[in-house]
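Worksheet: one structure, shown below.
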Amino acid sequence: MLSDAFPRTAPTRTLAATVLFRIPAVRRLCLATGCVDAGRPTAKRVLRKGLSLMVLPGGLDEQLETIYGRERIVLKSRYGFVKLAIEHGIPLVPTYVFGCSDLYYTSRFLHGLRKTIAKFARVALPIYWGRWGFCAYPWPKGFPLEVPQHVVFGDPVFVQQRESPTRAEVEAEHARFVQALTKLFDENKAEFGAAGRTLEIM
């Protein structure tokens with residue numbers, strides 16, 4: 001966990017899709033597990049309180065772009081989390097989970113249509129199946145394939161705090177973060193079963 005790798009890290013909150021907080025039962029579950037609305041105002045409030053944020057920049061788009069057996073992340077045009085870090089002077093910690101791309105087989109069936117739905121409705125409709133076939137809930141160990149998951153943390157990328165960073169400043173820090181994440185992946189991929197793979201940054 002993050003607190004194990006960085007003992008002095010502040011308590012962490014995880015950004016979760018806004019739509020989840022509109023479903024009463026799901027909202028309670030999210031809050032109980034330390035999740036908060038991924039909207040920018042909420043994220044800024046969390047950082048102002050001195051807490052850390054766990055962010056999955058790819059969001060629902062990455063759910064659709066995941067392909068079994070490949071390491072793909074949606075990051076190229078995701079600048080919001082970097083801008084937040086600069087505004088609050090918070091270091092960015094590159095993190096990668098080895099094994100998550102192999103938990104489920106995936107399909108590209110009607111991929112274009114599902115991307116359009118995600119763009120306008122902000123709802124992802126991934127097609128995937130695991131060890132017991134398609135949508136084999138509610139058995140948590142029966143649905144995913146039995147693949148070890150390894151979370152690896154890199155060295156923090158420290159940024160200079162600026163109240164109103166320019167586009168160029170944000171892009172420069174974003175490039176540093178992408179470089180650090182790629183380095184983290186390449187240095188650890190052989191140990192965690194991805195030796196022949198390349199990190200695809202979309």
Filter result (within 30 Å of GLU87 (Cα to Cα), open to solvent by 90 Å² or more (accessible area, probe 1.4 Å) and either among the acidic types (Asp, Glu) or assigned to a loop (DSSP other than H, G, I, E, B) (or both)) within region 140-168: ASP155, PHE158, GLN160, GLN161, GLU163, SER164
For PHE21, the lone unmet condition from (1) more than 24 Å from LEU184 (Cβ to Cβ); (2) open to solvent by 50 Å² or more (accessible area, probe 1.4 Å) is (2)
Find all pairs meeting these conditions: Cβ atoms under 7 angstrom apart; at least six residues apart or on different chains; first residue within region 34-50 and on the phi < 0 side of the Ramachandran plot and of a type outside the set (D, E, K, R); second residue surrounded by 13 or more Cβ atoms within 10 Å (Cβ to Cβ) and part of a helix (DSSP H, G or I). VAL36/THR42; VAL36/VAL46; ALA43/LEU84; LEU47/LEU84; LEU47/HIS88
What residue, among those in region 18-32 that are of a type in the set (Val, Ile, Thr) and in a helix (DSSP H, G or I), is nearest to LYS83 (Cα to Cα)? THR18
Can we say GLY34 is open to solvent by less than 40 Å² (accessible area, probe 1.4 Å), of a type in the set (Gly, Ala, Ser) and at pLDDT below 90? no
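Yes/no per residue for (1) under 30 Å from TRP129 (Cα atoms); (2) of a type in the set (Asp, Glu):
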{"site": "THR14", "(1), (2)": "yes, no"}
{"site": "VAL19", "(1), (2)": "yes, no"}
{"site": "VAL26", "(1), (2)": "yes, no"}
{"site": "LEU31", "(1), (2)": "yes, no"}
{"site": "VAL36", "(1), (2)": "yes, no"}
{"site": "PRO41", "(1), (2)": "no, no"}
{"site": "LEU64", "(1), (2)": "yes, no"}
{"site": "GLU71", "(1), (2)": "yes, yes"}
{"site": "VAL82", "(1), (2)": "no, no"}
Taking the residues in region 169-182 that are farther than 15 Å from PHE81 by Cα and free of Cβ contacts under 8 Å to residues at least 60 places away in the same chain as candidates, determine which candidate is least open to solvent (accessible area, probe 1.4 Å). THR182
Only residues that are within 19 Å of the chain's Cα centre (by Cα) and charged (D, E, K, R): list them for region 145-160, please. ASP155
For ALA10, indicate whether it is open to solvent by less than 80 Å² (accessible area, probe 1.4 Å) and part of a helix (DSSP H, G or I). no
Given the residues VAL123, VAL93, VAL82, VAL74, which is the only one that is within 30 Å of PRO165 (Cα to Cα), open to solvent by 40 Å² or more (accessible area, probe 1.4 Å) and among the aliphatic types (A, V, I, L, M)? VAL93
Go through region 75-126 residue by residue and tally those that are modelled with pLDDT of 95 or more and assigned to a strand (DSSP E or B). 5
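The values are calculated or read from the model by the stated rules, or taken from the named source; none is laboratory data. These figures come from a predicted structure and were not determined experimentally. Note that each Cβ is placed from the backbone with ideal geometry, even for glycine, and that neighbours are counted across all protein chains shown. Heavy atoms of the whole protein, side chains included, go into the accessibility calculation; ligands, DNA and RNA do not. Shrake-Rupley method; radii C 1.70, N 1.55, O 1.52, S 1.80 Å.
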